[in-house]
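Working notes for the structure below.
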Amino acid sequence: MTTVALKDVTKVFRDGTLAVDKVNLDVEDGEFMVLLGPSGCGKSTVLRMVAGLEDPTSGAVMLDGELANDLPPRDRKIAMVFQDFALYPHMTVGDNIAFPLKLAGLEPEPRDERVTDVASALGIGDVLGRKPSQLSGGQRQRVAMGRAIVRRPGVFLMDEPLSNLDSGLRAELRAEISGLTRELGVTTIYVTHDQAEALTMADRVAIMRKGVLQDVGTPTQVYGRPATLYVAAFLGSPRMNLLEASVYVHLDRYVTLTLGEQALHLPWDDIRSRAVAHYHGERIVVGMRAEALTPVAPDAQGAVLHGRIRYLEHHGHESLAFLDVGATAIVVDEMGARADAPATQRGRRRFGQVVQRLTGRAAEEVA
Ligand code: ATP
């Protein structure tokens, strides 16, 4: 049982590259934490510092509350699972799993016992005599996991383990990996640049950009209430609508949100009013998911944004309308209108989730 904590961890490589910039992250015991971000954002470097393969330039890596900066990798009770779950092709499944124990000098008898236990826990007890080439993709992955857990690590580290597999197998293995690590109760840090992978597998997701941790939260939190404009724009497809607006709070208790040429008047008891009211007199960015917007007739009453439909896109499970709203283009999920919840409430509940002052920096982050 292990916790991992990073305190102000920074990594500057010898050539001056700032790969990780003052990252603070707590991973709880048994938690499945996904590090997500575009290529080069520093995810692997974070993982390598947890493993002890890279030294932090400053800050602390803590394992179970103890400073681990100077602990050699072999003493960290950590197992790393690599891309493709590479196995030794000439060895049987049993020998593959036993290999780390052999290296550690464990006698054959306890070794075999441990291998049998692990294999049966993973449901591969009946294929111990086979070679990797005689296994299915899912079985191979279980063998690789078996080899990683046989030394009873406190933490699993996985760096894009599914990136070279075809999409069908990837989707299948995602569920298997997160299921298995939960069954085993092992703390896991999983690196990926694939947001679908992150959102489906994680207990919590940590999103990085250019070495900086942008947001940490459950998939629902980071998707629904992203901490920064970058995360708002990065997560989700179609991209979250981000509209510049100004806010005016009227003393007779309603709020006007001006988006380009259009003004929305929101009654005080509307949840959206409260979300924006404390930005009175300011320019902000309002984020709205396509599925939170509901198409209505042009003469509908209430807080309605008017737009001209540019085109429609049908995806089977969703149908997207792309609209020009003044100078801005937005996207609306037409199916939203047909979902069970009353349309106006759906919109009302979710509208206005990201509100950020429109400063030079924020505007830059959206671009
Ligand atoms: P990817 O998904 O492409 O693996 P990543 O998010 O894991 O990317 P890192 O591999 O951690 O990113 O790299 C972060 C930054 O540090 C990048 O700019 C990379 O070029 C740089 N970097 C990584 N290793 C070294 C090194 N040994 N020396 C110098 N720079 C490095």
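Within the stretch 241-253, track down each residue that is buried (at least 16 other Cβ atoms within 10 Å of the Cβ) and over 14 Å from V325 (Cα atoms).
S246, V247, Y248, V249, listed by residue number.
Could you grab the pairs with beta carbons closer than 6 Å, sequence gap of 6+ or different chains, first residue in the stretch 6-18 and at positive phi, second one in a strand (DSSP E or B) and more than 7 Å from the ligand (Cβ to nearest atom)?
D8/K22; D8/G59
Mind checking which strands (runs of 3 or more DSSP E) fall wholly inside the stretch 237-317 and carry at least 3 residues that are farther than 21 Å from Y223 by Cβ and of a type in the set (S, T, Y)?
In the stretch 237-317, the matching strands (runs of 3 or more DSSP E) lie at 254-259.
I'd like to know if the stretch 8-29 contains one or more residues that are of a type in the set (S, T, N, Q) and modelled with pLDDT under 95.
No: zero hits.
Could you grab me the full set of residues in the stretch 23-39 that are surrounded by 14 or more Cβ atoms within 10 Å (Cβ to Cβ), within 12 Å of the ligand (Cβ to nearest atom) and of a type outside the set (V, I, T)?
Result: L35, L36, G37.
I'm checking my understanding of the structure. Among residues of the stretch 59-86 that are modelled with pLDDT of 95 or more and within 16 Å of the ligand (Cβ to nearest atom), which one is surrounded by the fewest Cβ atoms within 10 Å (Cβ to Cβ)?
If we take residues in the stretch 59-86 being modelled with pLDDT of 95 or more and within 16 Å of the ligand (Cβ to nearest atom), then G59 is surrounded by the fewest Cβ atoms within 10 Å (Cβ to Cβ).
With in contact with a Leu (Cβ under 9 Å, 6 or more places away or on another chain), acidic (D, E) and more than 18 Å from G30 (Cβ to Cβ) as the only criterion, which of D126, D166, D159 stands out? Don't jump to the end; show me each part of the working.
Working: D126 fails: in contact with a Leu (Cβ under 9 Å, 6 or more places away or on another chain); D166 fails: in contact with a Leu (Cβ under 9 Å, 6 or more places away or on another chain).
Unique residue meeting the criteria: D159.
Applying the selection to the stretch 260-278, what residues are touching a residue at least 60 places away in the same chain (Cβ under 8 Å) and surrounded by 13 or more Cβ atoms within 10 Å (Cβ to Cβ)? Walk me through it before giving the result.
Filtering the stretch 260-278 for residues touching a residue at least 60 places away in the same chain (Cβ under 8 Å) gives 260-262, 270-272, 275-276.
Across the stretch 260-278, the qualifying residues are G260, Q262, D270, R272, A275, V276.
Hey, does the stretch 125-145 have a residue that's of a type in the set (V, I, T) and either farther than 25 Å from E160 by Cβ or surrounded by fewer than 16 Cβ atoms within 10 Å (Cβ to Cβ) (or both)? Break it down stepwise before answering.
As a first pass, look at the stretch 125-145 and keep what is of a type in the set (V, I, T): 127, 143.
Within this subset, residues satisfying the condition of being either farther than 25 Å from E160 by Cβ or surrounded by fewer than 16 Cβ atoms within 10 Å (Cβ to Cβ) (or both) are 127.
Checking the stretch 125-145: at least one residue is of a type in the set (V, I, T) and either farther than 25 Å from E160 by Cβ or surrounded by fewer than 16 Cβ atoms within 10 Å (Cβ to Cβ) (or both).
Test of understanding: among V46, V20, V50, which residue is in the same structural domain as D215 (by TED's automatic domain parsing), crowded, with 21+ Cβ neighbours inside 10 Å, within 16 Å of the ligand (Cβ to nearest atom) and not in a helix (DSSP H, G or I)?
Values: V46 fails: not in a helix (DSSP H, G or I); V50 fails: not in a helix (DSSP H, G or I).
Just a single option satisfies the conditions, and that option is V20.
Which pairs turn up if I take residues in the stretch 84-104 that are assigned by TED's automatic domain parsing to the domain that holds L173 and look for partners that are among the hydroxyl-bearing types (S, T, Y) with beta carbon separation below 9 Å, at least 6 apart in sequence or on another chain?
Qualifying pairs under 9 Å: D84/S163; P89/S133; G94/T116; D95/Y88; N96/Y88; F99/Y88.
Restricting attention to the stretch 88-106, does a residue exist that is basic (K, R) and modelled with pLDDT of 95 or more?
No, because not a single residue in the stretch 88-106 is basic (K, R) and modelled with pLDDT of 95 or more.
Here's the yes/no breakdown for (1) free of Cβ contacts under 8 Å to residues at least 40 places away in the same chain; (2) within 16 Å of the ligand (Cβ to nearest atom); (3) not in a strand (DSSP E or B):
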{"site": "G129", "(1), (2), (3)": "yes, no, yes"}
{"site": "S133", "(1), (2), (3)": "no, no, yes"}
{"site": "P153", "(1), (2), (3)": "no, no, yes"}
{"site": "S163", "(1), (2), (3)": "no, yes, yes"}
{"site": "L173", "(1), (2), (3)": "yes, no, yes"}
{"site": "E197", "(1), (2), (3)": "no, yes, yes"}
{"site": "V205", "(1), (2), (3)": "no, yes, no"}
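Residues of the stretch 65-111 being within 27 Å of the chain's Cα centre (by Cα) and outside any strand (DSSP E or B), which ones?
G65, A68, N69, P73, R76, K77, F82, Q83, D84, F85, A86
For K7, only one of the following conditions fails: (1) buried (at least 20 other Cβ atoms within 10 Å of the Cβ); (2) among the basic types (K, R); (3) more than 8 Å from the ligand (Cβ to nearest atom). What is its number?
Result: K7 fails condition (1) only.
The values are calculated or read from the model by the stated rules, or taken from the named source; none is laboratory data. A quick note: this is a predicted structure, and the numbers were derived from the prediction, not measured. Virtual Cβ from ideal backbone geometry, glycine too; neighbours counted across all protein chains shown.
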